[in-house]
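Colleague: First, the structure itself, so that you have it in front of you.
We did not get these values from a lab; they are worked out from the coordinates using the rules stated. What you are looking at is a predicted structure, and each value in this text was computed from that prediction instead of being measured. In this analysis, Cβ positions are derived from the backbone assuming ideal geometry, glycine residues included, and neighbour counts consider all displayed protein chains.
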Amino acid sequence: MSESKEKTVDVDKLLKNKLKNVSIGELEEKIANVVSEMVGEDYKCTINEVKYTLFSGADLHVKIELTYNAEE
């Protein structure tokens, strides 16, 4: 007979949404840096409409735009 391996779910961990502790400004900065590095040009990121979900997630609107510098 084969042994069944049951996985227990840590409900407390699921209900503590650690994303609420993340700075939106810092997240915008990090996303902009990654996109800029990937594309090779400066981009900015704006996050709004953040809705935290019950199970440690978040729904949000992310806007990424090319940074315009009139001096260049």
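Colleague: For the chain, taking Cα atoms only, what is the radius of gyration to one decimal and the Dmax to the nearest whole Å?
Modeller: Rg, Dmax (Cα atoms, Å): 19.0, 74.
Colleague: Between ASP42 and LEU60, what length comes free when the chain is fully extended (0.36 nm per residue of separation minus the Cα-Cα distance, one decimal in nm)? Could you put the intermediate results ahead of the total?
Modeller: On the way: separation 18, 0.36 × 18 = 6.48 nm, distance 2.22 nm.
So the extension gain works out to 4.3 nm.
Colleague: Could you list, bin by bin from short to long, the percent of Cα-Cα pairs of region 12-52 in 5 Å steps?
Modeller: So the P(r) values, bin by bin, are 5, 21, 23, 17, 15, 11, 5, 3, 0.
Colleague: Once the Cα atoms of helix 24-39 and of the chain are each reduced to a long axis, what angle between those two axes, in degrees from 0 to 90 to the nearest 10, is obtained?
Modeller: 70
Colleague: How high is the relative contact order of region 1-67? Use alpha-carbon pairs under 8 Å, at least six apart in sequence, and give a whole percent. Walk me through the intermediate numbers first.
Modeller: Working: 76 pairs, mean separation 21.1, N = 67.
Normalised by residue count, the contact order of region 1-67 is 32 percent.
Colleague: While we're on this one: Using Cα springs under 10 Å in a Gaussian network model of the chain, which residue among GLY25, GLY57, GLY40 shows the largest mean-square fluctuation?
Modeller: GLY40
Colleague: Sort SER36, SER23, SER56 so that the residue with the fewest other Cβ atoms within 10 Å of its own Cβ comes first and the one with the most comes last.
Modeller: Details: SER36 17, SER23 9, SER56 14.
So the ranking, lowest neighbour count to highest, is SER23, SER56, SER36.
Colleague: As a test of the formula, what do you get for the chain when each DSSP H run with n ≥ 4 contributes -39,500 (n - 2.57) and the sum is divided by the residue count, at 222 nm and rounded to the nearest 500 deg cm²/dmol?
Modeller: On the way: 2 runs with 21 residues, N = 72.
When only DSSP H runs of four or more count, the value is -8500 deg cm²/dmol.
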